[in-house]
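The values are calculated or read from the model by the stated rules, or taken from the named source; none is laboratory data. Keep in mind the model is a prediction, meaning the values are calculated, not measured. Cβ placement follows ideal geometry from the backbone for every residue including glycine, while neighbour counts extend to all protein chains displayed.
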Amino acid sequence: MSGVTGSAAAGSGPQLLCLIEDVTARKAAELALRHQALHDGLTGLPNRTLLHDRLEHALAAAGRSGAGVGVLFCDLDGFKAVNDSAGHAAGDELLREVAARFGGCLRPGDTLARLGGDEFAVVCPDLADRQGLQVVAERLLHSLREPVTVRAGTFAVGVSVGTHLVVPTGAPTPSGGDRDVRSCAEQALARADRAMYEAKRGGKNRVHLDDGSDEHQVRSHRAARILPELRTALERDELVVHGQPVLDLATGHPVAVETLVRWQHPTRGLLSPAEFLDVAEDSPLMLALGRRVLEESCRLAASWGAALGPAAPAVHVNVSGRQLESASLSEDVLGALRRHGLPAHRLVLELTETTMPRITHSLLGDLQRLRELGVRIAIDDLGTGYSSLARLTELPVDLLKIDLTFVAGLGRDPSCDAVVRAVLSIGAALGLSVVAEGVETPQQAESLRRYGCDTVQGYLYSPPRPEAALLDVLRAGLPADALSAGGAAAP
């Protein structure tokens with residue numbers, strides 16, 4: 001609206017002439033143009049420009065509040081095959097569905113953006129620590145566990161996620177004005193992007209955390225040193241398994257054994273998994289290592305059957321993410337059982353909670369078939385990853401294992417006691433056995449007994465032992481009548 005003042009005929013008072021123009025259409029057009037400039041035309045999500053703006057705002061706020069800001073870079077796995085086989089229209093429809101699923105994983109204050117192609121990014125303000133960032137990343141992985149159905153068909157896609165957490169203390173702090181904030185934002189996005197490519201190199205459909213240090217370079221040098229030696233170790237049978245008994249808390253009798261890999265290095269002696277397993281897990285060599293451990297574990301358990309008869313305990317074998325993704329897990333397991341004559345009911349496969357989002361429809365079917373044959377499934381390290389009661393009920397699970405970090409805090413940290421009680425309650429509600437790991441003190445054992453935990457393992461009872469010493473421990477721990485008549489079913 002605009003106006004001018006003036007006078008009419010002589011003797012009349014001042015008058016105001018107003019011109020009114022309807023600018024609704026123009027404003028709407030301006031808003032539409034602004035929206036187009038800041039949003040992705042296919043999904044309606046923020047684009048790179050708006051993501052960068054919101055990241056800068058989050059970093060500026062973090063500089064005042066001290067909270068962390070998480071950045072996640074996501075690249076779909078298997079998307080090119082959809083475009084190639086079903087066409088770009090199907091690919092576009094799939095991207096819209098993926099955007100909707102990702103959006104359902106986030107809080108109202110988080111920002112999900114499409115950067116182009118099959119790349120997405122997320123900004124999560126107000127994160128307390130890396131664990132919170134890991135939870136978000138695992139939710140994104142979990143959201144694509146179910147195949148995506150579009151008009152052209154149903155497609156299985158995954159996502160590789162790289163994450164970086166900006167913490168005002170001990171990291172680049174946005175305290176020097178707009179230029180510092182902008183630089184910090186660019187650095188955070190670049191680190192998350194590099195971490196995403198590390199996730200791709202690690203086997204796809206996984207999460208890689210960039211911690212903002214030079215760890216990657218150190219890790220690369222370490223891998224270059226260890227992997228050739230580890231490959232030779234596999235060829236020369238230098239990898240052996242030790243076993244740690246799992247005991248009935250009431251009787252102290254061994255009811256199972258968890259096998260743990262060791263490296264009998266020709267010059268450095270016996271190496272624990274901490275010396276090499278993390279490097280192996282980031283390489284294709286982990287698949288061969290996992291198969292070797294499975295083979296040796298089945299051989300070892302079969303030897304207990306010959307020595308101890310019907311009382312021989314079950315064997316718990318850890319399954320890596322590489323093995324889960326190999327598509328040959330079922331074949332590997334059945335082959336090892338057959339070669340060593342081990343009954344299926346004496347094998348327990350331990351999957352860590354953090355691998356649960358990787359369980360696809362196909363893998364779920366394999367696990368169900370193994371379970372029907374008698375193999376049992378355990379979820380290890382419960383409480384350290386992202387899972388839900390609904391997810392536990394979907395999986396063919398027989399046993400839960402309480403992570404040792406919670407057992408270590410019993411009697412000292414009320415939250416640890418609460419987690420232990422909660423896992424025991426979940427086990428009781430779902431009809432699942434529960435094992436507490438890492439029991440090291442009588443006080444921890446007493447707390448577990450008071451909370452109703454029946455089965456334990458840890459250094460309080462026995463460290464992991466080599467084959468001959470382990471058999472002596474098992475024989476000494478079993479009651480005499482069990483050696484001749486058999487014992488209770490192992491957890």
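Structural remarks
- Residue pairs meeting the criteria (Cβ under 7 Å; at least 6 apart or on separate chains; first closer than 16 Å to residue 55 by Cβ, in region 188-199; second at pLDDT below 90): 188/166; 191/210; 191/212; 192/210; 195/209; 195/210
- Applying the set (1) modelled with pLDDT of 95 or more; (2) surrounded by 20 or more Cβ atoms within 10 Å (Cβ to Cβ) to residue 99 leaves exactly one unmet item: (2).
- Number of positions in region 434-470 that are closer than 13 Å to residue 257 by Cβ, surrounded by fewer than 19 Cβ atoms within 10 Å (Cβ to Cβ) and touching a residue at least 12 places away in the same chain (Cβ under 8 Å): 4
- Those residues of region 292-313 which are part of a helix (DSSP H, G or I) and of a type in the set (A, V, I, L, M, F, W, C), in sequence order: 293, 294, 298, 300, 301, 302, 304, 306, 307, 308, 311
- Cross-chain or 6+ apart pairs with Cβ under 8 Å, region 402-431 first and in the same structural domain as residue 453 (by TED's automatic domain parsing), then among the small types (Gly, Ala, Ser) and in a helix (DSSP H, G or I): 409/415; 410/447; 411/447; 416/408; 417/447; 420/447
- Residues within region 45-72 that are more than 13 Å from residue 111 (Cβ to Cβ) and modelled with pLDDT of 90 or more, tallied: 0
- Restricting region 38-56 to residues that are surrounded by 16 or more Cβ atoms within 10 Å (Cβ to Cβ) and polar (S, T, N, Q), the residue that is nearest to residue 116 (Cα to Cα): 47
- Residue selection: residue 256 fails the criterion of being in a loop (DSSP other than H, G, I, E, B), touching a residue at least 40 places away in the same chain (Cβ under 8 Å) and in the same structural domain as residue 458 (by TED's automatic domain parsing).
- Output for region 191-236, where each listed residue is assigned to a loop (DSSP other than H, G, I, E, B) and modelled with pLDDT of 90 or more: 206, 236
- Qualifying residue in region 385-402 (condition: more than 20 Å from residue 143 (Cβ to Cβ), at pLDDT 85 or above and surrounded by fewer than 19 Cβ atoms within 10 Å (Cβ to Cβ)): yes
- If you go through region 276-291 and keep only what is among the small types (Gly, Ala, Ser) and in a helix (DSSP H, G or I), you end up with 280, 288, 290.
- Any chance residue 306 is more than 17 Å from the chain's Cα centre (by Cα) and at pLDDT below 95: yes
- Across region 314-328, the qualifying residues are those that are in a helix (DSSP H, G or I) and closer than 18 Å to residue 241 by Cβ, and the one among them that is farthest from the chain's Cα centre (by Cα) is 323.
- Residue match in region 376-398 (condition: outside any helix (DSSP H, G or I), aromatic (Phe, Trp, Tyr) and under 23 Å from the mean Cα position of the chain (by Cα)): yes
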